[in-house]
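Q: First, the structure itself, so that you have it in front of you.
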Amino acid sequence: MTLFRSMAIRMALVYILLICGFGYVARVLYSVQISRHDELFGKAQNTYTTRIETHGTRGEIFDFGGSLLVGNVPTMDIVGDPANIYILNKKDDEKTETECRMIADFFEKNCENVNSDEVFRRLSKRSFISKDANGKEIERECHYAVIATGVKYETAKMLKEKVKELAFHGVSFTSSYRRNYPKNTMLANILGLTNVSYDTFVPIQGIERSLNDAMTATSGSMVYERARNGRPVTFTNSKSEPTLDGYNIFLTIREPLQAIVEEELDLMCERVKPHAAWALLVDPKNGDVLAAAQRPTFNPNDRGTMTPESSANRLSELAIEPGSIMKPFVVSYALDKGFVTPNSIVDCEQGVWKYAGRLLHDTHNVGKVSVSEVIKQSSNIGTAKISVMMGAKNLDNALRSFGFGQRTGIQLKPETSGIFRPLEKWDSLSVSRFCIGQGIAVSPLQLARAYCMIANGGYKVNLRIVDRIERGDDVRVMPVIRESKSIFANPTTKKMITDMMIGVTEAGGTCTDAAIEGFHVAGKTGTAQKVINGAYSNRYYASFVGFVPAEDPKFVLLVTCDDPTVGSRYGGSASGPTFKAIAERTLKYMYVQPQLSREEWLAERSAAQKALHERKVREDALVQARREARDRQLKEQQAKQTAKKSGTTVASRPASTSKSSTIRR
Amino acid sequence: MNQFTKKTNSPEPGAEPGRTQTPWVAGLIFKMAMMMVIIAAAFWARVHLNDKTEQLAREKNRITREIQEKRTEIQTLIAQRETLRSWDNINSKIKQYNLALRSVNPSQVRYMKRFEGQVSAPSQYSGDTRVADTSAGADRTSGEVQ
């Protein structure tokens, strides 16, 4: 009985112990599998999973035809692992130092811009002090020391082989790329440039900046379980997010035209030695910028050539007083609204006119002439009189309808909207000055757009420099934004103003140098005084803008010289010849057939010359007749005075005698 | 006749004719062996598959690396090509070798009537600006070195 009892107790104890044991195990299992599951599972995952971040490439920039303007050149970065070099040399300080020195010397010898001592210093730094989450200083191993960055791909490939041969420890090569501008200075101010901050491109200006979001690549990642040797275990779950390259940008720029414009601009700079110069070639029908050049410029591949002057984007950021190239806008509005006709006579006051207490001058004396002659001879007074006749409100409407005071919509940032005061802030002089391009500041892009409107019959069109963006099959075309209604109510306005502008390049116009054989060239000169320290100086912006062929324009071309220092400072002589050179070559490039044969063209020129001669003869005769009348009056007065003294009356001479004597003189 | 000691090949009385009797142990062993074989085969197949997958993955990685390298080389060559075909470079070569190149002239463009071998009249190609120019200017400019 006692034996059974003691066994029963023992068995009960064993059962209790077993139950307790199982209970403990259950509790631990509950804790591990349920309560702390996420924490422990995460820890375990961390030990056997790896996450790799993959980077795409930044979008490239091409011209309209697909010629590369900004690309990516593959390079390699060479990095060392100081802690690993130490460990692989079996923690032998002396051996490690020797190896570091060998590595440093090797790369100095084989790479550009590598300093052996600097690399040695970096490789020798095996650890660094950092602070943990609690702010406690801890020593960490250093696994990253830059040896060289942006090494050319071929060089890096060769170095990689050599490093393998020499069995350097802890040296690795990582692929990277840098921005490359294969056309050097071509279009540099428009394309812009980027800097690099660690792995990220930081856009500085131009297209690189304004379309940065589209061009930036989207990073992807891959999470996978790895084997002991670090390789991914393929038959386990792995997650990956795709890497997306940036969009490639296709501009409206035509590289051959750009080359022509840049070349001619360089020749102009040699000829007139200006402070700066720019040229803009635009398709008036859709607002596509075909070429845009400026000087001084810089080479984005060589940052040493960059200065604030050379890197500025004058075409979209600069606002200047345009001068006489504003006149066609005012006159076209006046023609359209019926204030004047091409044959209306305007008295240009022989070169001096006082309005609102201030004198206004013309560069040469012009008398009573038609509105056509006002444009042809670029009379400030004639234009101002037309403007005064229209009134301030109409002038404001005219200039705003041509887009002044508004951005052109081009995909370039920043873009100035110019300086054009609201009507309420105009003074008494504004109406006579804005119309001749004084007191108003416009950008070259605004001017080109406004001339596009004249050339295309008054349809307001936004300028475009980006034609489309592409990423594989994903193509997005930038729309042409053109208003469906013309600003000209009168359908003949375009022809009237174009005919007047053709006169500018014909005999008696202000820029015969811009005439092109076989074509009618509609243009306008502008010579605007520069404002320096709030006052007009004796420095000028000499411009010529026009479109060819005048009847069916293929392009609008603006050429401006900022302060020409050699030769004439007028727009016609400084910028006119360059306009002609660019336009001629562009017409040939575009295969535009001449409108007139050589004989027809010469005949037209000689007819214009003859008409000019006849007009001059008429004017001379008129001037002489006036002189004659004045002389006669003087003589009559003298005779009267003499008669008074002598008491006798002298009969005045007959007019025919007087005339013949004048002719003899 | 002692029927318990008699050796006979005849089937047991009551047993179905033609059916052989196997001991239950052998049957069990056979069944287990079969199961083991199936399990081993499945296991082997899985290991083989994984191995194959690994091999293919390694091959894929190698080819990907090669493609990447080729792409890199192509990118480098494109950059070189674009530098070479820049107008700066072409212009410098023209000057270097003193090449007497002539600018294009629209007057040089002629359109031939198909199959008839005649120069077409400009009006026949309305809408196309590139039509034959029969003007004197065209004759003058053709062959002109600029």
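The values are calculated or read from the model by the stated rules, or taken from the named source; none is laboratory data. Everything numeric here is computed off the predicted structure, so don't read it as measured data. Counting neighbours? That spans all protein chains shown, and the Cβs are built from the backbone with ideal geometry, glycine included.
Q: If you take the residues of region A:33-64 that are part of a loop (DSSP other than H, G, I, E, B) and in contact with a helix residue (DSSP H, G or I) (Cβ under 7 Å, 6 or more places away or on another chain), which of them is farthest from B:Q75 (Cα to Cα)?
A: A:D63
Q: While we're on this one: Do we have any residue at all in region A:97-110 that's buried (at least 19 other Cβ atoms within 10 Å of the Cβ), within 46 Å of the chain's Cα centre (by Cα) and part of a loop (DSSP other than H, G, I, E, B)?
A: No: region A:97-110 contains no residue that is buried (at least 19 other Cβ atoms within 10 Å of the Cβ), within 46 Å of the chain's Cα centre (by Cα) and part of a loop (DSSP other than H, G, I, E, B).
Q: Tell me which residues, restricted to region A:587-630, are within 14 Å of another protein chain (Cβ to nearest Cβ), part of a helix (DSSP H, G or I) and surrounded by 12 or more Cβ atoms within 10 Å (Cβ to Cβ).
A: Those that are within 14 Å of another protein chain (Cβ to nearest Cβ), part of a helix (DSSP H, G or I) and surrounded by 12 or more Cβ atoms within 10 Å (Cβ to Cβ): A:L587, A:K588, A:Y589, A:R598, A:E600, A:W601, A:L602, A:A603, A:E604, A:R605.
Q: Now for a different question. Between residues in region A:147-160 that are more than 13 Å from every other protein chain (Cβ to nearest Cβ) and within 21 Å of A:D81 (Cβ to Cβ) and residues that are assigned to a helix (DSSP H, G or I) and of a type in the set (S, T, N, Q), which pairs lie under 7 Å by C-beta distance while being six or more apart or on different chains?
A: Close Cβ pairs (under 7 Å, with a partner that is assigned to a helix (DSSP H, G or I) and of a type in the set (S, T, N, Q)) amount to A:L159/A:N110.
Q: Still on this model: Starting from region A:11-32, take each residue that is in a helix (DSSP H, G or I) and list its partners that are among the acidic types (D, E), counting only C-beta distances under 7 angstrom and pairs at least six apart or across chains.
A: Between residues of region A:11-32 that are in a helix (DSSP H, G or I) and residues that are among the acidic types (D, E), there is no close pair.
Q: What's the total number of residues in region A:33-52 that are more than 30 Å from A:T174 (Cα to Cα) and touching a residue at least 60 places away in the same chain (Cβ under 8 Å)?
A: Counting residues in region A:33-52 that are more than 30 Å from A:T174 (Cα to Cα) and touching a residue at least 60 places away in the same chain (Cβ under 8 Å) gives 0.
Q: For region A:457-470, state whether one or more residues are surrounded by 22 or more Cβ atoms within 10 Å (Cβ to Cβ) and aromatic (F, W, Y).
A: No: region A:457-470 contains no residue that is surrounded by 22 or more Cβ atoms within 10 Å (Cβ to Cβ) and aromatic (F, W, Y).
Q: Within region A:191-230, track down each residue that is within 14 Å of chain B (Cβ to nearest Cβ) and either farther than 30 Å from B:K52 by Cα or modelled with pLDDT of 80 or more (or both).
A: Answer for region A:191-230, where residues must be within 14 Å of chain B (Cβ to nearest Cβ) and either farther than 30 Å from B:K52 by Cα or modelled with pLDDT of 80 or more (or both): A:L191, A:M222, A:Y224, A:E225, A:R226.
Q: Further question on the same structure: Name the pairs whose Cβ atoms lie under 6 Å apart, with the first residue in region B:39-50 and under 13 Å from A:T234 (Cα atoms), the second surrounded by 10 or more Cβ atoms within 10 Å (Cβ to Cβ) and among the aromatic types (F, W, Y), and 6 or more positions between them or separate chains?
A: B:N50/A:F235
Q: Can you confirm whether region A:167-190 contains a residue that is of a type in the set (V, I, T), away from chain B (no Cβ under 14 Å), farther than 20 Å from A:L68 by Cβ and buried (at least 19 other Cβ atoms within 10 Å of the Cβ)?
A: Yes, region A:167-190 contains a residue that is of a type in the set (V, I, T), away from chain B (no Cβ under 14 Å), farther than 20 Å from A:L68 by Cβ and buried (at least 19 other Cβ atoms within 10 Å of the Cβ).
Q: Another question, then. Test A:E141 against the criterion of being surrounded by 13 or more Cβ atoms within 10 Å (Cβ to Cβ), farther than 30 Å from A:P256 by Cβ and of a type in the set (D, E), and give yes or no.
A: Criteria met by A:E141.
Q: What is the residue count in region A:231-256 for residues that are within 14 Å of chain B (Cβ to nearest Cβ), closer than 30 Å to B:I90 by Cα and not charged (D, E, K, R)?
A: 3
Q: Do you know which residues across region A:50-84 are farther than 23 Å from A:G150 by Cβ, in contact with a Lys or Arg (Cβ under 8 Å, 6 or more places away or on another chain) and either more than 14 Å from chain B (Cβ to nearest Cβ) or of a type in the set (K, R) (or both)?
A: Passing the criteria: A:T50, A:F64, A:A83.
Q: Which helices (runs of 4 or more DSSP H) sit wholly inside region A:169-272 and have at least 2 residues that are out of contact with any Asp or Glu (no Cβ under 7 Å at 6 or more places or on another chain) and aliphatic (A, V, I, L, M)?
A: Counting at least 2 such residues, we get A:188-191, A:212-215, A:255-272.
Q: If you don't mind, there's one more thing I want to ask. Scan region A:307-339 for residues that are free of Cβ contacts under 8 Å to residues at least 12 places away in the same chain and part of a loop (DSSP other than H, G, I, E, B) and report the count.
A: 1
Q: Please verify whether A:G71 is assigned to a loop (DSSP other than H, G, I, E, B) and under 58 Å from the mean Cα position of the chain (by Cα), treating the condition exactly as stated.
A: no
Q: When you scan region A:564-576, do you find a residue that is more than 14 Å from chain B (Cβ to nearest Cβ), hydrophobic (A, V, I, L, M, F, W, C), crowded, with 24+ Cβ neighbours inside 10 Å and over 18 Å from A:L265 (Cβ atoms), even just one?
A: Scanning region A:564-576, I find no residue that is more than 14 Å from chain B (Cβ to nearest Cβ), hydrophobic (A, V, I, L, M, F, W, C), crowded, with 24+ Cβ neighbours inside 10 Å and over 18 Å from A:L265 (Cβ atoms), so the answer is no.
Q: Answer yes or no: is there a residue in region A:146-155 that is under 26 Å from A:Y177 (Cβ atoms), assigned by TED's automatic domain parsing to the domain that holds A:F168, of a type in the set (F, W, Y) and assigned to a helix (DSSP H, G or I).
A: Checking region A:146-155: at least one residue is under 26 Å from A:Y177 (Cβ atoms), assigned by TED's automatic domain parsing to the domain that holds A:F168, of a type in the set (F, W, Y) and assigned to a helix (DSSP H, G or I).
Q: Would you pick out the residues in region A:145-180 that are over 37 Å from the mean Cα position of the chain (by Cα), of a type in the set (D, E, K, R) and closer than 29 Å to A:A217 by Cα?
A: Within region A:145-180, A:K157, A:K160 meet the criteria.
Q: Would you mind telling me which numbered condition in (1) in a strand (DSSP E or B); (2) touching a Phe, Trp or Tyr at 6+ places or on another chain (Cβ under 7 Å); (3) over 20 Å from A:M590 (Cα atoms) A:R569 fails?
A: Evaluating A:R569 over (1) in a strand (DSSP E or B); (2) touching a Phe, Trp or Tyr at 6+ places or on another chain (Cβ under 7 Å); (3) over 20 Å from A:M590 (Cα atoms) leaves (1) as the failure.
Q: Oh, and also: Take the conditions among the hydroxyl-bearing types (S, T, Y) and modelled with pLDDT under 90 and apply them to A:T408. Does it pass?
A: When the stated conditions are applied, A:T408 does not pass them.
Okay, residues lined up against (1) of a type in the set (S, T, Y); (2) farther than 29 Å from A:V70 by Cα; (3) at pLDDT 90 or above:
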position: B:Q55; (1), (2), (3): no, yes, no
position: B:R58; (1), (2), (3): no, yes, no
position: B:R71; (1), (2), (3): no, no, no
position: B:Q75; (1), (2), (3): no, no, no
position: B:S86; (1), (2), (3): yes, no, no
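Q: Would you be able to tell me the number of residues in region A:111-142 that are of a type in the set (D, E, K, R), under 48 Å from the mean Cα position of the chain (by Cα) and farther than 24 Å from A:L159 by Cβ?
A: 1
Q: Restricting to region B:82-103, count the residues that are more than 8 Å from chain A (Cβ to nearest Cβ) and either part of a helix (DSSP H, G or I) or touching a Cys at 6+ places or on another chain (Cβ under 8 Å) (or both).
A: Looking only at that region, the number is 8.
Q: Moving on to the next point. Being out of contact with any Lys or Arg (no Cβ under 6 Å at 6 or more places or on another chain) and either of a type outside the set (V, I, T) or assigned to a strand (DSSP E or B) (or both) is the filter here; which residues of region A:454-467 pass it?
A: A:A455, A:G458, A:K460, A:N462, A:R464, A:V466, A:D467
Q: To continue, here is another question. Which one of A:A621, A:A581, A:A607, A:A603 is in contact (Cβ under 8 Å) with a residue 60 or more places away in the chain and either touching a helix residue (DSSP H, G or I) at 6+ places or on another chain (Cβ under 9 Å) or farther than 22 Å from A:L445 by Cβ (or both)?
A: Result: A:A581 is the single residue among A:A621, A:A581, A:A607, A:A603 that is in contact (Cβ under 8 Å) with a residue 60 or more places away in the chain and either touching a helix residue (DSSP H, G or I) at 6+ places or on another chain (Cβ under 9 Å) or farther than 22 Å from A:L445 by Cβ (or both).
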